[in-house]
Amino acid sequence: MANNKRRYLWRDISVFDGLKTLPEPMAVITQGERVITMTPMNGFEESQADGCHDMGRGGVMTPGLVDCHTHLVFGGARADEFEARLEGASYEEIARRGGGILSTVYATREASEQTLFNAALPRLKALVEEGVTTVEIKSGYGLDVANELKMLRVARRLGEEMPVRVLTTLLGAHALPPEYENDSDGYIDLVCNEMIPAAAAEGLADAVDVFCEKIAFSVAQCERVFKAAQAHGLPIKAHAEQLSNLGGTAMAARHGALSADHIEYLDDVGIAAMREAGSVAVILPGAFHTLRETQQPPIAGLREAAVPMAVATDANPGSSPIFMPTLMLNLACTLFRMTPQEALAGMTANGAAALGLKGQGQLHEGAVADLCVWDIETPAELAYAVQPGRLRQRIYQGELTHGR
Ligand SMILES: N=CN[C@@H](CCC(=O)O)C(=O)O
Ligand SMILES: [Zn+2]
């Protein structure tokens, strides 16, 4: 049988299907790129095993993890800022004196595509080796047309060379570059009139993002970026309500944003707008933890309003230098009191929805065979213990890429 039609069979396995844990131990068969059988063990006929490669018994199966918010491509490092923050400087102060995102911009502009690729590869490998099968990678450290496109090309190439689905997001409106000091509207003109059209023309961006914050761009400026993105057929998302409540989330939701991310300062008006629009709330506990923030995202309000919640690493050189998705599951629970099921749904089905891949990040008959098998007994253990090395098998598009 050709390799792409190989059948894999797992018996007696506990399945988290992307939204919930199934009540009974299951038998699961994949053939080629698809899950073709998912049935309770007690209804499984041994004849169904014919022609299948036996992948073992027991453990937990989840969809492949979806990390829907990362900044994996960057030059340089910012441990010095980590030390400065420990001595009392805030993220905002560091940004205002030209450090923070801008310090990564200088290093990223200096770096060649190959250098950025070589630096990003081990970061991506760390995610893949923890079970990620879909990852979003943002630009946002180039802040001019050539360097933003350079970052997006690196992100695309990472997806071509690694067994992982990469979605790219243009984040031109991440910070004001030094050459536009005192002319932030002029920079937004560049983003809208040159950067977005160029990225769209080259097919380099799957979405457009903004940083709506006092140290970045106003609600009105972000709205202009969204209109330009949508004029080019690109979906939108926003970093919003991270350090203050400007109302960026509600504006983004009114424009049909796929997601609003961070949202520590989100209020009831913003929650209602997200519910109305069907936007996903992307919870980023790594940045909250690293910046030692105190304002919690409104998890109870989001839950009550049935706004879908995703969880992501936000892996980046400044606010979340953490390349460990399962740690984020743990932090989402310990810091924000999400349940382990909510956290897991956040890094599978809801993570996919935050990328416009609604219906993916789930396991059912007919689903794409992106899945992980873990050496644990219940799905909650994935969020409970901070313990690398539990990934037994990883299947990407029906191919075994990890384990045997
Ligand atoms: N909040 C803005 N942007 C990034 C941080 C980027 C950085 O500090 O380099 C974030 O998602 O946390
Ligand atoms: Zn981010």
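What are the pairs, 6+ residues apart or on separate chains, where a residue within region 80-93 that is among the basic types (Lys, Arg) has its Cβ under 8 Å from a residue that is outside any helix (DSSP H, G or I) and surrounded by 10 or more Cβ atoms within 10 Å (Cβ to Cβ)?
Pairs that qualify, where the first residue is among the basic types (Lys, Arg) and the partner is outside any helix (DSSP H, G or I) and surrounded by 10 or more Cβ atoms within 10 Å (Cβ to Cβ), are ARG85/LEU291; ARG85/ARG292.
Is there a residue in region 365-379 that is closer than 14 Å to VAL280 by Cα, surrounded by 20 or more Cβ atoms within 10 Å (Cβ to Cβ) and touching a helix residue (DSSP H, G or I) at 6+ places or on another chain (Cβ under 7 Å)? Full working, then the answer.
Step one: filter region 365-379 for residues closer than 14 Å to VAL280 by Cα, giving none.
Checked region 365-379: no residue is closer than 14 Å to VAL280 by Cα, surrounded by 20 or more Cβ atoms within 10 Å (Cβ to Cβ) and touching a helix residue (DSSP H, G or I) at 6+ places or on another chain (Cβ under 7 Å).
Looking only at region 312-330, filter to residues that are open to solvent by less than 20 Å² (accessible area, probe 1.4 Å) and among the hydrophobic types (A, V, I, L, M, F, W, C); which one of those is farthest from ligand 1 (Cβ to nearest atom)?
Result: LEU329.
To keep it simple, each residue is scored yes or no on (1) open to solvent by 40 Å² or more (accessible area, probe 1.4 Å); (2) modelled with pLDDT of 95 or more; (3) not basic (Lys, Arg).
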position: VAL66; (1), (2), (3): no, yes, yes
position: HIS69; (1), (2), (3): no, yes, yes
position: GLY75; (1), (2), (3): no, yes, yes
position: GLY98; (1), (2), (3): no, no, yes
position: TYR106; (1), (2), (3): yes, yes, yes
position: ALA111; (1), (2), (3): no, yes, yes
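Quick check on my filter: what residues within region 19-49 are buried (at least 20 other Cβ atoms within 10 Å of the Cβ) and either of a type in the set (D, E, K, R) or closer than 17 Å to GLN393 by Cα (or both)?
If the condition is that a residue be buried (at least 20 other Cβ atoms within 10 Å of the Cβ) and either of a type in the set (D, E, K, R) or closer than 17 Å to GLN393 by Cα (or both), then MET26, ALA27, VAL28, ILE29, THR30, VAL35 are the ones that fit.
Kindly provide the set of residues from region 200-225 that are within 24 Å of THR134 (Cα to Cα) and either in contact with a helix residue (DSSP H, G or I) (Cβ under 6 Å, 6 or more places away or on another chain) or within 16 Å of ligand 2 (Cβ to nearest atom) (or both), ordered by number.
Selection gives LEU204, ALA205, ASP206, ALA207, VAL208, ASP209, VAL210, PHE211.
From (1) open to solvent by 30 Å² or more (accessible area, probe 1.4 Å); (2) in contact (Cβ under 8 Å) with a residue 40 or more places away in the chain; (3) within 16 Å of ligand 1 (Cβ to nearest atom), pick out the condition that doesn't hold for GLN295.
Unmet condition: (2).
Give region 45-91 a look and list any residue that's in a strand (DSSP E or B) and closer than 29 Å to HIS289 by Cβ, or say none.
Residues satisfying the conditions are VAL60, MET61, THR62, PRO63, LEU65, VAL66, ASP67.
State which residue is nearest to GLY233 (Cα to Cα) when the search covers only region 146-161 and only residues that are more than 16 Å from ligand 2 (Cβ to nearest atom) and open to solvent by less than 30 Å² (accessible area, probe 1.4 Å).
LEU149
Suppose we keep only residues that are within 18 Å of the chain's Cα centre (by Cα) and within 14 Å of LYS237 (Cβ to Cβ) within region 253-275. Which one would you say is surrounded by the fewest Cβ atoms within 10 Å (Cβ to Cβ)?
The qualifying residue surrounded by the fewest Cβ atoms within 10 Å (Cβ to Cβ) is LEU258.
Out of region 201-220, which residues are over 21 Å from the mean Cα position of the chain (by Cα), away from ligand 1 (no atom under 15 Å from the Cβ) and either open to solvent by less than 30 Å² (accessible area, probe 1.4 Å) or over 26 Å from GLY98 (Cβ atoms) (or both)?
Result: ALA201, GLU202.
The values are calculated or read from the model by the stated rules, or taken from the named source; none is laboratory data. What you are looking at is a predicted structure, and each value in this text was computed from that prediction instead of being measured. Cβ sites come from the backbone with ideal geometry, for glycine too, and all protein chains shown count toward neighbours. Side chains included, ligands, DNA and RNA excluded: accessible areas come from the protein's heavy atoms. Shrake-Rupley method; radii C 1.70, N 1.55, O 1.52, S 1.80 Å.
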